[in-house]
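The values are calculated or read from the model by the stated rules, or taken from the named source; none is laboratory data. These figures come from a predicted structure and were not determined experimentally. Positions of Cβ are backbone-derived with ideal geometry, glycine not excepted, and every protein chain shown enters the neighbour counts. Surface areas here come from the heavy atoms of the whole protein model, side chains and all, with no ligands, DNA or RNA. Shrake-Rupley method; radii C 1.70, N 1.55, O 1.52, S 1.80 Å.
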Amino acid sequence: MEPTLFVGLTSVSIHLKTTPARYLHTSNSPNLNTFTDMKNPKLLYSSIMMQGFIVISRQYRSNPKVDLKKLRPMILKRIENRAKDYPVKAMIPVAYNVLRSRALLIQGVSTLLQVIPIWSCKFCPEVYVGEKGHAIKTCRGYKRHAKNKLHEWIRGGINDIIVPVDTFHLKKTFQDVIKHDERFDYKRVPAVIELSLQAGADLNAEALSPNKFQCLDGESLSNDDLRLVALGTLKAWEAVRSGVQKLLMVYSAKVCKYCSEVHVGPSGHKARMCGVFKYEGWRGTHLWTKAQVDDLVPPKIVWFRRPQDPAVLDDKWRSFYGHAPAVVDLCIKAGAIAPPKYYCMMKMQGLPADVPFKESKLTFGVDSHGERGVVKRP
C-alpha cells in the first residue's frame with residue numbers, strides 16, 4: 001500500500017517507481033525503510049524530496065469533519081442577508097435617469113426617422129442612414145451563404161437603429177436559477193429596463209408617465225427644431241450608455257459567449273436556448289461571461305458619409321470611409337455636432353476618396369554601390 005502524507009487538508013500520495021538494476025546494490029539506491037517510518041512526517045517528507053525515483057501527486061479532499069448539511073442553512077441565511085443590502089440607495093437616481101433617457105431616446109429617434117430615411121439590407125443586418133443605400137460589397141447573404149455581394153436595401157425602422165435586447169424579468173433579484181422547463185413562466189423585457197428595475201426604479205412613477213414622451217410630428221418641424229431634437233437625442237444616447245455603465249459596476253449582468261443572449265442577475269439561467277436565434281448552434285446551454293455596455297445597448301456601427309465623400313459610397317474607396325453608431329449618424333444628419341470621441345472612428349479629418357495620387361518613382365532595389373534599399377527609378 002502506498003504511504004500517504006497529510007499536510008493540512010491536502011493529502012500527498014507517494015508512488016514508488018521501479019528502481020533501475022544498476023542502483024540495486026549501491027549506496028545510491030533509495031532506502032525504502034525511510035518511507036515506512038510514519039512517526040516523523042517531516043523526516044519522511046524531506047526523505048521523499050531527496051529521492052529521484054518518487055512521484056508526488058496531491059489530492060485535495062474536503063475535511064471529513066465538515067458537515068455540509070449543517071453549512072447549508074448558514075449559506076442560505078448569508079444569501080438572504082446579502083439581499084437586504086439591495087437595491088443600493090445611491091444607484092436609484094441613476095436607474096431613474098436611465099429610464100427617462102431611454103424614453104427620450106426612443107422619442108427622438110422616432111421623430112427623426114420621419115424626416116431622415118434609413119435603409120436596412122434584406123439579407124443581412126447591415127444598416128445605412130442617408131438618402132440612398134451605399135454600394136459597398138459587404139453583404140454575406142442569408143445565413144452567410146454569400147460573400148462580398150451588393151446589398152438589397154429596404155426601408156428600415158427604429159429597431160434597426162436601437163437594437164432590442166430582451167431578457168427574463170426576475171421576480172426577485174436573488175432567486176433560484178431559471179431552469180429550462182420554467183422559461184415560459186417569466187416575461188421577456190428589455191435588458192435596460194430589467195437592470196433599472198433591479199436597481200430600484202419603479203415603472204409606475206409619475207416621472208416615467210407615457211404621456212410625457214409622446215412622439216412629435218417631424219415633418220411639421222423646422223430645421224432649427226430638428227436640430228434641437230437631434231441634440232436632445234444625442235444627449236439621451238450618451239446618458240443611457242453612461243448610466244448603464246454605472247449600474248453594471250454594482251449589479252451583475254451576464255452575456256452568452258456564443259450568442260447575444262443577455263441575463264440580468266447574479267447568475268445566468270439554464271434555459272437551453274443558445275442558437276435558437278443564431279445559426280451557429282441549436283438549443284445548447286449558454287456559456288455565461290460578464291456583460292458590458294455594448295451587450296445591453298448595442299451601438300450598431302454603420303458606414304458614415306463625410307462631407308468630402310461622394311453621394312453614394314463606392315466599394316472601390318471603402319478604406320477611406322469611416323464608421324459611426326447609427327444613432328450618432330442619424331443625429332449628425334439632423335444637424336447635431338458629433339462628440340469628439342467619435343472623430344477617429346468617423347475619419348473626419350481623412351482624405352477624400354477621389355483625391356489624385358501621383359505615381360511614386362521610388363522603388364526597393366540595389367543601388368550603384370551594391371547596397372539594397374529604396375532607390376529612384378529612371
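Ranked from the most accessible area to the least, with a 1.4 Å probe and all protein chains present, what is the order of L296, L216, L113?
Values: L296 10, L216 80, L113 35 Å².
My answer, sorted largest first, is L216, L113, L296.
Considering only protein heavy atoms, with the full assembly of protein chains and a 1.4 angstrom probe, order V262, V250 by accessible area, largest first.
V250, V262
Would you list M74, M345 from the most to the least accessible area, probe 1.4 Å? Spell out each step's value before the answer.
Details: M74 120, M345 75 Å².
Ranking M74, M345 by accessible area, largest first, yields M74, M345.
Please identify every one of the trypsin sites (Lys or Arg not before Pro) in the stretch 246-276 that sits in a loop by DSSP and has no more than 11 other beta carbons within 10 Å of its own beta carbon. Please report the intermediate quantities before stating the final value.
On the way: sites: K246, K254, K257, K270, R272; in loops: K257, K270, R272.
Filter output for the stretch 246-276: K257.
Given the stretch 180-330, what whole percent of its Cα pairs are spread farther than 26 Å? Each step should come with its number before you reach the end.
Details: 5387 of 11325 pairs.
Pairs farther apart than 26 Å: 48 percent.
Any chance you could check the Cα centroid distance between the stretch 336-354 and the stretch 67-96 for me, in angstrom?
Here the two parts' Cα centres lie 47 Å apart.
Given Cα pairs under 8 Å that are at least 6 residues apart, what percent is the relative contact order of the stretch 67-226? Walk me through the numbers before you get to the answer.
Details: 163 pairs, mean separation 46.7, N = 160.
Here the relative contact order equals 29 percent.
Probe radius 1.4 Å, ligands and nucleic acids ignored: give me the carbon and sulfur share of the accessible area of the stretch 119-229 as a rounded percent. Could the numbers behind the result be given before it?
Values: 3380 of 7010 Å².
Percent of accessible area from carbon and sulfur atoms in the stretch 119-229: 48.
In whole angstrom, how far apart do the alpha carbon centroids of the stretch 154-207 and the stretch 218-262 sit?
Using only Cα atoms, the two centres lie 16 Å from each other.
Quick check for you: with a 1.4 Å probe and neighbouring chains kept, what is the accessible area per residue of the stretch 150-265, in Å²? Please report the intermediate quantities before stating the final value.
Details: 6480 Å² over 116 residues.
Result: 56 Å² per residue.
Debye calculation, C-alpha points only, no solvent: report log10 I(q)/I(0) for the stretch 127-241 at q = 0.10, 0.12, 0.17 Å⁻¹, in the same order as the q values.
-0.57, -0.78, -1.10
With +1 on the Cβ of every Lys and Arg and -1 on the Cβ of every Asp and Glu, and nothing else charged, how large is the dipole of the stretch 125-223 about its Cα centre, in debye rounded to the nearest 20?
Values: 15 positive and 14 negative charges, 146 e Å.
The dipole magnitude comes to about 700 debye.
Going through the stretch 217-270, which chymotrypsin sites (Phe, Trp or Tyr not before Pro) have at most 16 other Cβ atoms within 10 Å and a DSSP loop state? Can you show the working numbers first?
Details: sites: W237, Y251, Y258; in loops: Y251, Y258.
Answer by residue number: Y258.
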